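Please treat every number below as a calculation from the coordinates, not as lab data. Source: prediction; values computed, not measured. We place every Cβ from the backbone using ideal geometry, glycine too, and count neighbours over all the protein chains shown.
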Amino acid sequence: MKQQPFNSQESRNILSLSKKVRLRREYFGGLAFNTGNGDIVELDKEAFTLLSLLEKGNMYKKELNDILVENKLMRPNNDDFKHVLSSLEQAGLICQRNHTDSNIFHEPSEKLSEINSLMKNPPRQWLSVPETVHWAVTYRCRQDCPECYTRRFTQDRDELTVNNTFKVIDKLAGWGIFQLAIGGGEPFEKEGLPEIVTYAAQSGLVVHVTTGLKNLEFNDISQYSGKIKNLQIGFSSGELYGGAFTDLKGSLENTISALKDTGISPGVNITLSKQVIRHLEEILVNVLSSGCNRIIFIRYKPPDSRNLWKQEKPDREQLLYLHNTLISIRKKYPELYLRTDCALSFLQRYVPDNLARYAGYKGCVAADRILAISPSGDMYPCSQLVSPEMKAGNIITDDLQDVWDNSGIMKKYRYFRNGRNTMDSWCGICTRKDTCGGCRVFAHNPPRGGDPGCPDPLPPPLKQLGKYGRCLDTREYLEKTGTITAREYMVRYGVEERKAIKELNAITGSDNRSPKIGYTLPRDDIISDIQDSIGYTSGGVPLASYEEIGEWLEEEADDYPQWILNHKRNT
């Protein structure tokens, strides 16, 4: 690069990459991470090439357009180029300057080399590296929140030494992740946390921390100034409203004020239990009055206690209207900055697909955009999916890239949308499968494959349903109406007679041939079948009574994930 003489006409068209942007090439083009606001933008090959050239140095607008056109990365249409520049500028990725003191990138050979490199097909068709790593540095905590899900993680109580945490950070920073989300347990219980956070920030990682502490003083957090980007404060459900919040408000206000004084952005995590949803507006007013407007809604995850799960799991009616409630809240309190965790992606199911993609809605991103690390360094697809059978490796002892690329458990969750259990479920046929897909924590109970928490999936029109969709819809139809003929099936789904008869026989376990015969679901006595499978005494008495099995079936209907139950039984 070399300095060019100042030209008043040309200088009005100088483009530069924002200093807050980090780029990473991927199979679809690449990612641009805005370290200022935390946004991660997906770019196609054309836009990523444009930014990659600007990463080498400032360029004149016309010259950049000419290069892209010459290499067939953009049509010779100035309006297209203007539209791309406008979108990138709105996203805070580029700046258009009137003049610059920096060098102008003019080396043709370097530009050609950069373009040729970017045009080569990358070695993998998934993200080369996760965007964010969720790291529970400890599971220790002095608080006793009943809904805390980490109580389930009894198998993993070992912790890395501080020196080993530095090795973890070296691996993650060298790998190319953008963000490190530190949590627990209570991360402030971890010995050496200031050194860990400082080292991570100095290594180029954007660090976020989640805590349950509401009484942090300036002296406690001033050492983290310039090192922690955001600090999210989590609450137990009962602390958010009524007299309990009144007791906490003073210390919370002091904590939020101290965070702002140190330049750390404060936020509050609100777990949407049944009681919290009932008091939601009161809770939001409480948080706003404490000086915080950044709120993340967290889906109520299965706690260690199944009885508590039954009491506090939001019911279908609450979830059905939560979407409209949030729209109303946003209008009433425009100062709120609201986000939801990926387990609540179904709340955005009414957003048109093109807008959802533009906004970056991804739904479940386990083993795709995120990786979770436990206190001992074990790696999992998600911070919620923690059990021995879901362990993919250990970051200290295993090759990080090899685990990410080749671990069977990583592949299972990365491609869950293509799995039979998902395809044969409401999540699998929902028109928002790609921008939601359901939370895998809840969608494990076979043969469902779908997320039982979504109150209203959005399947395509009946005549556009595929085989799996017709099967699901027919079962639901028969549960309501009792019977359907092949001819009715043909009219309902727009299929020919032979296919209608074949599919109805498969759905109902029948062996009919006539299109006039009515099909019904089998009326088997499930409890009797279970009794038969368990067995009887020599005197013919069932080993499990009718009432006992009925209670078991009732428990299965509460949607407490089966994989968690299996883990609890084995520990």
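Listed values, structure above:
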item	result
Label-point separation in nm, K72 to S545, each point 7 Å along Cα→Cβ	7.8
Reach of K167 by Cα under 30 Å, taken over lysines that are not fewer than 8 positions away in the same chain	K19, K20, K190, K227, K229, K391, K411, K412
Unit charges on C-beta of K, R, D, E only; dipole of the stretch 388-516, Debye	560
Karplus (6.51, -1.76, 1.60) ³J(HN,Hα), θ = phi - 60°, over the stretch 308-319, in Hz, Gly and Pro reported as x	5, 4, 4, 6, 10, 5, x, 7, 4, 5, 4, 5
Label selected from (i) 1.17; (ii) 1.02; (iii) 1.12, the criterion being Cα Rg over 2.2 N^0.38 Å as computed here	(iii)
Dipole magnitude of the chain, debye to nearest 20 (Cβ charges: Lys/Arg +1, Asp/Glu -1, about Cα centre)	1560
Sequence-distant residues sharing a close amide H with E186 (under 5 Å, placed H)	R140, C141
HN-Hα J in Hz across the stretch 245-252 - Karplus 6.51, -1.76, 1.60, θ = phi - 60°, x for Gly and Pro	5, 4, 5, 8, 4, x, 5, 5
Per-residue [θ]222 nm for the chain (sum of -39500 (n - 2.57) over DSSP H runs n ≥ 4, rounded to 500)	-11500 deg cm²/dmol
Amide hydrogen neighbours beyond the local backbone of G234, cut-off 5 Å, H modeled	T211, G212, L213, N269
Listed residue (S16, A244, G428) projecting farthest to the positive dipole end of the chain, Cβ model	S16
Loop-resident sites, the stretch 310-365, for trypsin sites (Lys or Arg not before Pro), counting at most 11 other Cβ within 10 Å (DSSP)	none
Whichever aspartates and glutamates have a C-alpha closer than 17 Å to that of K61, once near sequence neighbours (fewer than 8 apart) are set aside	E10, E46, E70, D79, D80, E89, D101, E107
Distance between modelled label sites at E107 and I329, nm, 7 Å Cα→Cβ extension	5.3
Difference of contour (0.36 nm per residue) and Cα-Cα distance, Q562 to Q202	125.4 nm
Cα-based reach from K62 at 20 Å (exclusive), listing lysines while leaving out same-chain residues under 8 positions away	K2, K45, K72, K82, K111
Neighbour-count order for C292, C427, fewest beta carbons within 10 angstrom listed first	C292, C427
Span from the the stretch 113-144 Cα centroid across to the the stretch 353-370 one, whole angstrom	15
Computed over the stretch 308-377, Cα set: Rg, Dmax in Å	15.3, 45
Phi to ³J(HN,Hα) by Karplus 6.51 cos²θ - 1.76 cosθ + 1.60 over the stretch 492-506, Hz, x for Gly, Pro	5, 10, x, 10, 7, 4, 4, 5, 4, 5, 4, 6, 5, 4, 5
At most 13 other Cβ within 10 Å, DSSP loop - GluC sites (Glu not before Pro), the stretch 177-241	E191, E217
Within the chain, longest stretch clear of exposed chymotrypsin sites (Phe, Trp or Tyr not before Pro) (DSSP loop, no more than 16 other Cβ within 10 Å)	127-349
